[in-house]
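Heads up: the structure comes next, in structure tokens.
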Amino acid sequence: MDHLWTPWRYHYISGLSDSETTDRCVFCDIPRGVDEEQLIITRGRYNYIVLNRFPYTSGHSLVVPFRHFAAFHDIRPSEWNELGELSQRLQQALAETYHPEGFNIGWNQGKCAGAGVADHIHLHLVPRWMGDTNLVGVLGETRIIPEELTSTYEKLRRFFT
Ligand SMILES: [Zn+2]
């Protein structure tokens, strides 16, 4: 079980601002920027999809409501319907692109549950392969190669244009 939930402990870190020490919220800030720079794969009416800049595995993405709120039970039906559709399309895109053996798809609510940005709820989609936890265990959060993110972005964006 520990391994199953490990992805949620890997915090989303913007590099632009630290939402824990300022009043700014990274998930409110991201959509104010340019899609390519922010790694926004697509925008819906109520939600957007963005690559995690510190992915647990290749393709690790987030589906984020534009509206700033913290609790899962506060998701409105209109937001939920679109969020579900975007998440399913994203999973299909990840499956066709990376052929993972499984997925973690889930929410963290609250710091104690592993939420890196606890004030603005977001859904993680994490492609998984047998043995990928060993890689992460060794390399942790510092294994990000910018070219890999750009490549991931180009591959996934094609599914939403
Ligand atoms: Zn926010």
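Values quoted throughout were computed directly from the atomic coordinates according to the rules given, and no laboratory measurement underlies them. Worth saying up front: this structure is predicted, and the values here are computed from it rather than measured. Cβ coordinates were reconstructed from backbone atoms using ideal geometry, including for glycine residues, and neighbour counts include every protein chain displayed.
Below are the figures for this structure:
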{"quantity": "Selection within the range 22-48 - aliphatic (A, V, I, L, M), away from the ligand (no atom under 11 Å from the Cβ) and under 19 Å from GLY59 (Cβ atoms)", "calculated": "LEU39, ILE40, ILE41"}
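Per-residue answers, yes or no, for (1) part of a helix (DSSP H, G or I); (2) in contact (Cβ under 8 Å) with a residue 12 or more places away in the chain; (3) more than 26 Å from GLY102 (Cβ to Cβ); (4) in contact with a helix residue (DSSP H, G or I) (Cβ under 7 Å, 6 or more places away or on another chain):
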site: ASP29; (1), (2), (3), (4): yes, yes, yes, no
site: PRO55; (1), (2), (3), (4): no, yes, no, no
site: SER58; (1), (2), (3), (4): no, yes, no, yes
site: LEU62; (1), (2), (3), (4): no, yes, no, no
